[in-house]
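The values are calculated or read from the model by the stated rules, or taken from the named source; none is laboratory data. As the structure is a computational prediction, the values presented were derived from the model and not from experiment. Note that each Cβ is placed from the backbone with ideal geometry, even for glycine, and that neighbours are counted across all protein chains shown.
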Amino acid sequence: MDSKIEIKVTNPKKVDAMGHPAGPGHSSAPPPASQTSHGHWPRHREGHQEGWMVDFKPFKKWVPWLIPSFVLVNIFMFIMTMYINDCPETSNNCVAKFLGRFSFQPFYENPLLGPSSSTLEKMGALEVDKVVKKHQAWRLISCIWLHAGVFHLLANMLSLLFIGIRLEQEFGFVRIGLLYLISGFGGSLMSSLFIRSGIHISVGASGALFGLLGSMLSELITNWTIYANKFAALLTLVLVIIINLATGVLPHVDNFAHIGGFISGFLLGFVLLIRPQFGYISQKNIPPGYTAPRKPKHKTYQYVLWIVSLILLIALFATVLVYLIRGVNMNDRCSWCHYMSCIPTPLWSCDQQQVYCQSTKFGKSLNLTCISNGKSEMFALTEETSSQVQQLCSKLCS
C-alpha cells in the first residue's frame, strides 16, 4: 500500500440495546430483561418506595435515522472518490478494470481496494501541512468521511451500525450526533500532532467510532446505580476496548486518531449521557393519592464528573489546537509515543522511509529519476501536486 496513507480502522464487537428506569407502576411482576449498549447486561434494579412498587421499564426508544444517514454519506463519499480517482487515466494495472473509472488502484499501491493517496488528498484527507500552513482546517472534519478502500469502509460502517444504532435508540440523534462529530474531530486533532508532515495523510471514521466506545464506558460509570452486576459489565466493556485499541499497533493504522477519539468520547459521555439515579421518581409520574420520598435526580458524583469532564475536554481541545497552530510535532517531544501507533516486530517494520526523486518538467509532462536506484521515467500529469509526485516517486523507486 502507498506509504502515504494512514487509515483509521476499528472492528468493535457487536453490542445490544439498553433499558433504563422509567416511571413507577403498580404491577408486582418483574420488569422485562434489559440489554445495554455495553453488551448483554443483566436486568436493571427494581425497588419499593413507601409500600408501593417502583417498576423499572425502558426509557422512550428513539427511531434511529442519523446513524444510517452517516453510513449512506460515507458510502456516497467513497463512490465519489472512486469516480474522481479514475484509475485507468493514470495506471495500466488497475484492479477490477471492468468497473471503468471506478476500478481500484493496483494492489502494490493500495491493497484495500481503493483510490490513490493523491485523490484522497484532493477529497479532503488530513494532511498537517495543509491544515497548518494553508489554513485548511476543514480537513480535520472532512477526513472522517473518507476511506482508503472497500475493506476499510466495510469494517467501519458495520461497526458504526452495530454500535451507533443502539446508542441512538437510547439517547437520541442529537446527543449521539454530537458525540460522533466531536469525537471524530478530537481524533483528527490528536492524529495531526503525530503525523509526520509531508509523508502521511489520514482518513477514516474510526476516531468517531472509538468516541462512541469511550462514551459507552463513561455512560456505564456515571449511571452506575441503575445497573446490576456492574463489575462484570465493566470488565466486558473494558476488554472490548482494549482489543480494539490493540489493533492500532499494526502498521498503516493511525492509532493516534483512535486514542484521540476515545478520550473525546469518554469525556463527552459524562456530559451527554447522564441518566437519573436509581430510585429517582419524577413527581409527574406519582399516581394520585400516593406519596413518595423526594430523591435528587442525580447523585453528587454525577455532577462532579459532568463538571470535571467538561473542563478537561475544553482544556484538552484548546491545548491541542494551540500546538497544531504552532506546527508542533509531538514526535520530537515524545521519543516513545510512536510505539502507541506501531510496535515493530520481525513480521513488519514501522519505519516508513520517504523516497526521493529528481524531477524535470516538460510542459504537462514530468520526468522523474529515482535517487536510490537511478530509474527514470516520464509521466503525464493533469494536475501536479506534491502528493501525486511523491506517489509516482515511490512507485518508481520500489
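Apart from one condition, Val271 fits all of (1) at pLDDT below 90; (2) β-branched (Val, Ile, Thr); (3) in a helix (DSSP H, G or I); the exception is (1). For segment 365-398, a residue qualifies if it is of a type outside the set (Ser, Thr, Tyr) and modelled with pLDDT of 70 or more, and the qualifying residues are Leu366, Asn367, Leu368, Cys370, Lys375, Glu377, Met378, Phe379, Ala380, Val389, Leu392, Cys393. Suppose the filter is crowded, with 16+ Cβ neighbours inside 10 Å and of a type outside the set (Lys, Arg); does Leu212 pass it? Taking the combined requirement at face value, the residue satisfies it.
Per the listing Ala228, Ala205, the residue uniquely surrounded by fewer than 18 Cβ atoms within 10 Å (Cβ to Cβ) and in contact with a His (Cβ under 8 Å, 6 or more places away or on another chain) is Ala228. Note on segment 73-104: residues that are in contact (Cβ under 8 Å) with a residue 40 or more places away in the chain and under 14 Å from Ala148 (Cα atoms) total 7. Listed by position, the helices (runs of 4 or more DSSP H) enclosed by segment 95-196 that each have at least 3 residues that are over 13 Å from the mean Cα position of the chain (by Cα) and in the same structural domain as Met80 (by TED's automatic domain parsing) are 117-123, 128-132, 150-194. Go through segment 246-258 and give me each residue that's of a type in the set (A, V, I, L, M, F, W, C), at pLDDT below 80 and surrounded by fewer than 18 Cβ atoms within 10 Å (Cβ to Cβ). Correct list: Val249, Leu250.
Cβ separations smaller than 6 Å between residues 6+ apart or across chains give no pair from segment 324-344 residues that are outside the structural domain of Lys133 (by TED's automatic domain parsing) and assigned to a helix (DSSP H, G or I) to residues that are among the basic types (Lys, Arg) and modelled with pLDDT under 80.
Every residue in segment 221-238 that is assigned to a helix (DSSP H, G or I) and at pLDDT below 90, please. Within segment 221-238, Trp224, Thr225, Ile226, Lys230, Phe231, Ala232, Ala233, Leu234, Leu235, Thr236, Leu237, Val238 meet the criteria. May I ask you to verify whether Phe98 is among the aromatic types (Phe, Trp, Tyr) and either under 30 Å from Glu168 (Cα atoms) or touching a Leu at 6+ places or on another chain (Cβ under 8 Å) (or both)? When the stated conditions are applied, Phe98 does not pass them. A count restricted to segment 345-362 and to residues that are in a loop (DSSP other than H, G, I, E, B) and either at pLDDT below 70 or surrounded by 11 or more Cβ atoms within 10 Å (Cβ to Cβ) (or both) stands at 9.
Taken as a whole, the condition of being crowded, with 24+ Cβ neighbours inside 10 Å, under 20 Å from Ala137 (Cβ atoms) and either polar (S, T, N, Q) or touching a residue at least 60 places away in the same chain (Cβ under 8 Å) (or both) does not apply to Gly164.
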